[in-house]
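First the structure, in the form of structure tokens, and then the observations on it.
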Amino acid sequence: MTAIDTGTEGRPERRAVAVAPDFDATPSVRHARSVEISVVTDVPAGAGAVAFPVGSDGTGASRLGLELPALTAAGFDGNPGQTHALVGGDGPLRVAVGVGDPSSIDAHGIRDAAAAFGLATRRQARLAVRIPILAHVDAGTAAQMIVEGILLARYTYEPLKGTPAAKRVESIALVADDADRAVVTRGAERGRHMAGAAMLARDLANTPPAHLTAPRIADVAVAIGADRGLEVEVMDQAELTRLGCGGLLGVNGGSADEARMIKLTYRPTAGPEQATAHLALVAKGIMYDSGGISLKPSDAVHATMKNDMSGAAAVLAAMSVLGDLGCRNTVTGYLSCTDNMPSGTALKLGDVITMYGGTTVEVMNTDAEGRLVMADALVMAAGLEPDAIVDIATLTGATMRALGTWIAGLMGNDQALMDQIGAASERTDERTWPFPLERRYRRELDSDVADIKNMGGPNAGQITAALFLDEFTGGHPWAHIDIAGVAQADPPESWRTKGCTGFGARLLVELALDFTPPA
């Protein structure tokens, strides 16, 4: 099945790690579900803090009993992201929240303002926000953005701390006209599920690699699937060997932990015959990436490599809320999971491995491992004959160098599919930017001894990586999202908290909900 030994004989024993048997890798999703969200016509008596949006022109300041010059004297100009808390009296803390020009604020601006309010009230658990009346943002969308902004901004990863440092949000009261109650309620619940998906993805990616191995994330997926109505199939080491998944097994060769391929299936509750389309998602799940024999430098980036499974975290998290949001499409996800470690049994440079489906690959760099593990999954996904395949991965440093830490790279073989991803990206403010899938670079992947090699030349690394992946898509409409730069945030900003961002979870939810087969 492969030209190298991918069995377990001779595999080093797992070192002892103090991992609590009841360790909880996903606490935040339950927190998101437990927050009390109410729609009221006035600020409830138990609120600890209330947001008062104030524009840069002074709009809204009078609701605080002040004028803009008085706030300006205190350093508050009403610009986006600014906050100013007013202390006094027995009522809730009143917080002026800058929104900039009120005539131009959009849904993203509302989310950012809600995040600023959440961060300014870290010591308060019960919050209240009045739904803004805007001609260009409906009340339901505004409610969704407020809930998303507060929950995402207040996220912290604390399951391994003896004493939590942050106060969790217990309730969000949305003050709205009674006529808008139904639409605001729907928008708020959508915001809860979208935020919950991102928080789940953050939890998984922030978890240290000794606590979240490939077998363990498979256990987490089984538990989430049982709770959220997903079909879950776990392919263990023996099954992967039987199938000939040489990419995943090859990368796993140096590890003391077994690999796992996790297949998730979401079907609309009305039955598969009611599904309007079939979308396949493929994700890189490198639980820790040392680089293998092509060892990474021992620097700050190496220490963040627990986030190399952020793609798998995003797919699992996105699929966990599709039922709550009434997705009408069938969605299948493949999480290709292992760590990438150096040892006497590790994959070597120059080795040739045989992928699921029979393609042989010459390995020129063991730190270009994500494309190897995803190739097996792409062939599996293509075998289902879906309407489209989308993969997501922390794949190349080249994408980070080109786009930085705010924008993900987007490539693919079908413009209509890429347009749908771009639209989902815009709605979630998880930004993507397209690179050309320039096929003249394909010759850089030619191998003298195998069908293809896993590295191109020194330039355009994000494009040659995508061209490698395209070899395994079976000609189906396909797109690739490279999240190498956006998976980690430092320093934090607005609702993007420090650490793993959960980028892609909300984007994939939006894509799945509105997906239509490319023509």
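The values are calculated or read from the model by the stated rules, or taken from the named source; none is laboratory data. The structure displayed is predicted, hence computed values, not measured ones. Reconstructed Cβ throughout: ideal geometry from the backbone, glycine too, with neighbour counts over all protein chains shown. Just so you know, the surface numbers come from the protein's heavy atoms only, side chains and all, with ligands and any DNA or RNA stripped out. Shrake-Rupley method; radii C 1.70, N 1.55, O 1.52, S 1.80 Å.
7 Å from Cα along Cα→Cβ at both Asp419 and Trp433: what's the point-to-point distance in nm?
Using points 7 Å along Cα→Cβ, the separation is 2.2 nm.
Dipole of the chain, Cα-centred, from +1 at each Lys and Arg C-beta and -1 at each Asp and Glu C-beta, to the nearest 20 debye?
I would put it at about 1100 debye.
Could you grab the relative contact order for the chain? Cα pairs under 8 Å, six or more apart, rounded to a whole percent. Don't skip to the answer; put the middle values down first.
Numbers: 1258 pairs, mean separation 82.9, N = 519.
RCO, the chain: 16 percent.
Please give, to one decimal in nm, the separation of the simple spin-label points placed at Glu233 and Ala179, each 7 Å out from Cα toward the Cβ.
A separation of 5.3 nm, rounded to one decimal place.
Name all residues of the stretch 239-258 having a backbone nitrogen under 11 Å from the label point set 7 Å from the Cα of Met364 along its Cα→Cβ direction, giving them as ranges.
none
What FRET efficiency comes out for the pair Val222/Leu86, r = Cβ-Cβ distance, R0 = 45 Å, nearest 0.05?
Numbers: r = 50 Å, r/R0 = 1.10.
E(calc), rounded to 0.05, equals 0.35.
For the stretch 279-435, what is the relative contact order in percent, using Cα pairs closer than 8 Å and at least 6 residues apart in sequence?
29
Could you point to the residue in Val50, Gly456, Ala210 farthest towards the positive end of the chain's charge dipole, with +1 and -1 charges on the Cβ of Lys/Arg and Asp/Glu respectively?
Value computed over the given set: Val50.
How big is the dipole moment of the stretch 98-193 about its Cα centre under a simple scheme where the beta carbon of each Lys and Arg is +1, that of each Asp and Glu is -1, and everything else is neutral? Debye, nearest 20, please. Please list the in-between numbers first.
On the way: 13 positive and 11 negative charges, 122 e Å.
Computed charge dipole of the stretch 98-193: roughly 580 debye.
In the set [x] 25.0; [y] 29.6; [z] 22.4, which value of mean projected area of the Cα convex hull in nm² was calculated from the structure you see?
This structure yields the entry labelled [x].
Using alpha carbon centroids, what distance separates the stretch 188-224 and the stretch 31-61, in Å?
After rounding, the separation between the Cα centres reads 28 Å.
Percent antiparallel among DSSP beta bridges with both residues in the chain, to the nearest 5?
Working: 26 of 71 bridges.
That works out to approximately 35 percent antiparallel.
Give the residue list of trypsin sites (Lys or Arg not before Pro) in the stretch 467-519 that are DSSP loop and have at most 16 other beta-carbon atoms within 10 angstrom.
Lys498
Can you give the longest stretch of the chain with no exposed loop site, where a site means chymotrypsin sites (Phe, Trp or Tyr not before Pro) in a DSSP loop (not H, G, I, E or B) with at most 16 other C-beta atoms within 10 Å?
Numbers: sites that count: Phe23, Trp406.
In short, 24-405.
Over the chain, average the accessible area per residue using a 1.4 Å probe and give it in Å², no decimals.
39
Could you work out the relative contact order of the stretch 30-93? I mean the mean sequence separation of Cα pairs under 8 Å and 6+ apart, divided by the number of residues, in percent.
About 30 percent, as a whole number.
How many percent of the accessible area of the chain is carbon or sulfur, using a 1.4 Å probe?
With neighbouring chains kept in place, the figure for the chain is 51 percent.
Can you give the Kirkwood hydrodynamic radius for the stretch 424-519, in Å, rounded to one decimal and based on Cα pairs? Numbers along the way, then the final one.
Details: mean 1/r = 0.0635 Å⁻¹.
Roughly 15.8 Å, rounded to one decimal.
Could you order Ser255, Ser56 by accessible surface area, starting with the largest, using a probe radius of 1.4 Å? Don't jump to the answer; show the numbers that get you there.
Working: Ser255 0, Ser56 50 Å².
Highest to lowest solvent-accessible surface, that is Ser56, Ser255.
Working from the pairwise distances between different alpha carbons, so that the mean of 1/r is found and then inverted, what is the stretch 209-341's Kirkwood radius in Å?
Result for the stretch 209-341, one decimal place: 15.5 Å.
Which peptide among 58-67, 144-153 comes first, and what is the full order, when sorted by highest mean count of other Cβ atoms within 10 Å? Don't skip to the answer; put the middle values down first.
Values: 58-67: 15.7, 144-153: 27.5.
Put in order of decreasing packing, that is 144-153, 58-67.
In the P(r) worked out for the stretch 27-74, what percent of Cα pairs fall beyond 18 Å?
Percentage above 18 Å: 52.
So for the chain, taking the charge dipole from beta-carbon charges (+1 Lys/Arg, -1 Asp/Glu), which of Ala173, Ala318, Thr330 sits furthest toward the positive end?
Towards the positive end, the residue furthest out is Ala173.
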